[in-house]
Each structure stands twice: as C-alpha cells, then as structure tokens.
Amino acid sequence: MSVCGILISVGDVRLFVDVDGAKLVPDGETMRERPTIVLLHGGPGFDHTPYKAHFAELAEIAQVVYYDHRGNGRSEDGPRERWNLDQWADDLHTLCETLGIERPVVFGGSFGGFVALNYATRHPDHPAKLIVSSTTARIHLDRSLAMFERLGGPDVRAVAERFFTDPIEENREEYLRVCLPYYTQRPQPPELLARVTRRPEVSEHFFRGELLTFDLRPRLDRIQCPILQLAGELDPIVTIEDAEDLSAALPTHAKVVRFPDAGHMLALEHPEAVLSLIRDFVLAYE
C-alpha cells in the first residue's frame, strides 16, 4: 500500500488518509512484512494530526495509518444521519478492505476508542489486536462533572455542565478554554490544538445524540482479539470508574494498565511509557 495524504473512497464518502512507515522492509534475502497500526483519533470534530506528534515513532516497528473519520478533519461529511458510532465503525472496516489491510492493530483514543470498540464487536474476526486509551463503553455525566469539580472547583464543573447540557458554539468555546486544561496533568503545547482542523458541527451532533446514550457493554464479549486498555486515574471526561466498568465488561484476554498521576491525554503525559507499552503489545505475537 502506498498512500500519503490523499482522499480514499469509502462507501458514500472519501476519507483523508496518511501513512508513516513501510509495510515491507528488507530482511536479508527476503522482504519482511510488518504489522499495520490504524489510529483512530478523538473528538468527534477534530482530526488525526495530534497523533503525528505522539505516534510517528511507531513507524520504526510497523506501518502506521492515520485517517479522519467521516465528518471530521479533511474527510468528507456524507449525510449527517450517518454521523454515528455504527457507521464510523463500519467505515474503519471498509477502509481497511479498500486499502488491503488485513488483520490491523487498531488504536483508538477517547472518542476513537468508542469507534474501535464498536468496530471490534461488529467485525470481531477482523482486527489482530485492539488498543484503547482513555475510553469506555459508556459515559456517565455525573462522574465527569464530579471529577471536573475535584480538579478545578465548582466553576469548572458549571462550565462543563453548561456545555454538555447545551453544546452550542459559545458553550463549546468556553468549555475548551476553561475545562480542556484539566484533561491533562501536564501543560499542553499551544500548537497542539491550534493545528487541528476543527469541525464543531459534528461535535455538536454527537454530543446532542449518542454521547450520553450509547452503551457498548452488552456486546463487548464478542471481541476475539487481544486487548490493551490504558486509563488515567485523573481523567475528567472518561473517569477511572468508567474505565473500570469497561475493564469489567471486556473479555478476560484484556490487559489493563492504569496511570495514577495522569488524565485523558496519556501519550502527552507519559509518552515513553505509552509508546513502550504499545510497541511491546504490537510485537508480542501469540
């Protein structure tokens, strides 16, 4: 596969796809095939570009595929009624088939983790491995608001509650300004968010719809592949209680790693540890 920053037709839309690293590398007298890691970004309403800063090093051990979900980043919108977790999950499966990616290692962070988990339940024989970070099978707003208050006080909780109750542009911008700093226990480089292509309409659509209603737990036992779950104990949006609920619902072949002093952006807060865990998991073929 040779793809670099182009739009790929996937069903009724074209998705923006970029790739780091080769699938085949010279190894003595042969060409050795390496794993393919497909990265699912968070949001929705953002794009894959933060992953470039954090995960490009994985090209040392694998081919790394980035893409923007439909309605996100540089990908096409398609019908708004298809901005849902089932369609986003099926888009991943179709994208892999289109690109000839067999048995991918799928990484999903935050919202990307919702999509990754749903994909693995809808297409259980497709992924080779699954890595989910700062994600869960169900969001509990009461837990999130309590954590925002614990980390930032009642004023921060009030801003978060306004946004989740009514995710209009004014409340969203206030939320990003006031609440986003509490997502991590380390300061975020200002350019990290500045370089992201933001699509607020898909964010509002999801926050008004599935965010507080989806529940993947009844179907998680369908997942067949090995799973690595990463969770921060100070995460205000996917709380550690939510992560524990996910752990309890996942099949017994899941490996769970908790970070006591980290929030929602584990690759930013503990980059060396996260990359090391991912490398070991990807390369440990059963």
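The values are calculated or read from the model by the stated rules, or taken from the named source; none is laboratory data. Just so you know, these numbers come straight off a predicted model, no measurement behind them. Positions of Cβ are generated from backbone atoms using ideal geometry, with glycine treated the same way; all protein chains shown enter the neighbour counts. For the accessible areas, the whole protein counts, side chains as well, though only heavy atoms, and no ligand, DNA or RNA atoms are used. Shrake-Rupley method; radii C 1.70, N 1.55, O 1.52, S 1.80 Å.
Structure values in brief
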{"read-out": "Residue in the stretch 82-90 that is part of a loop (DSSP other than H, G, I, E, B) and either out of contact with any Ser or Thr (no Cβ under 7 Å at 6 or more places or on another chain) or farther than 15 Å from ASP18 by Cα (or both) present", "value": "yes"}
{"read-out": "Matching residues in the stretch 132-185 - criterion: being among the polar types (S, T, N, Q), in a helix (DSSP H, G or I) and within 30 Å of PRO226 (Cβ to Cβ)", "value": "SER144"}
{"read-out": "Cβ-Cβ under 6 Å pairs, at least 6 apart or on other chains, the stretch 44-64 side on the phi > 0 side of the Ramachandran plot, far side open to solvent by less than 10 Å² (accessible area, probe 1.4 Å) and part of a helix (DSSP H, G or I)", "value": "GLY45/VAL202"}
{"read-out": "Close pairs from the stretch 179-202: first closer than 15 Å to HIS54 by Cβ, partner in a helix (DSSP H, G or I), Cβ under 6 Å, at least 6 apart", "value": "THR184/LEU268; THR184/GLU269; ARG186/GLU269; LEU192/PRO50; ARG195/THR49; VAL196/THR49"}
{"read-out": "Verdict on SER203 being part of a helix (DSSP H, G or I), at negative phi, hydroxyl-bearing (Ser, Thr, Tyr) and at pLDDT below 95", "value": "yes"}
{"read-out": "Residue list for the stretch 141-169, restricted to those being closer than 17 Å to GLY43 by Cα, open to solvent by 30 Å² or more (accessible area, probe 1.4 Å) and at pLDDT 95 or above", "value": "LEU141"}
{"read-out": "Of residues in the stretch 37-57 being closer than 20 Å to CYS96 by Cα and of a type in the set (A, V, I, L, M), the one nearest to the chain's Cα centre (by Cα)", "value": "LEU40"}
{"read-out": "Pairs with Cβ under 8 Å, 6+ apart, first in the stretch 249-270 and among the basic types (Lys, Arg), second assigned to a loop (DSSP other than H, G, I, E, B) and at pLDDT 95 or above", "value": "LYS255/PRO226; ARG258/GLU233"}
{"read-out": "Tally of residues being among the hydroxyl-bearing types (Ser, Thr, Tyr) and either surrounded by fewer than 22 Cβ atoms within 10 Å (Cβ to Cβ) or under 25 Å from ALA128 (Cα atoms) (or both) across the stretch 228-249", "value": "1"}
{"read-out": "Selected residue (criterion: farthest from ARG198 (Cα to Cα)) from residues of the stretch 47-99 that are buried (at least 21 other Cβ atoms within 10 Å of the Cβ) and among the β-branched types (Val, Ile, Thr)", "value": "VAL64"}
{"read-out": "Residues of the stretch 212-223 satisfying the condition of being of a type outside the set (Val, Ile, Thr), in contact with a helix residue (DSSP H, G or I) (Cβ under 8 Å, 6 or more places away or on another chain) and assigned to a loop (DSSP other than H, G, I, E, B)", "value": "LEU212, PHE214, LEU216"}
{"read-out": "ALA194 being among the small types (Gly, Ala, Ser) and modelled with pLDDT of 95 or more", "value": "no"}
{"read-out": "Odd one out for LEU234 among (1) touching a Leu at 6+ places or on another chain (Cβ under 8 Å); (2) farther than 18 Å from PRO181 by Cα; (3) not charged (D, E, K, R)", "value": "(2)"}
{"read-out": "Residue identified as assigned to a loop (DSSP other than H, G, I, E, B), of a type in the set (Val, Ile, Thr) and out of contact with any His (no Cβ under 7 Å at 6 or more places or on another chain) among VAL274, VAL196", "value": "VAL196"}
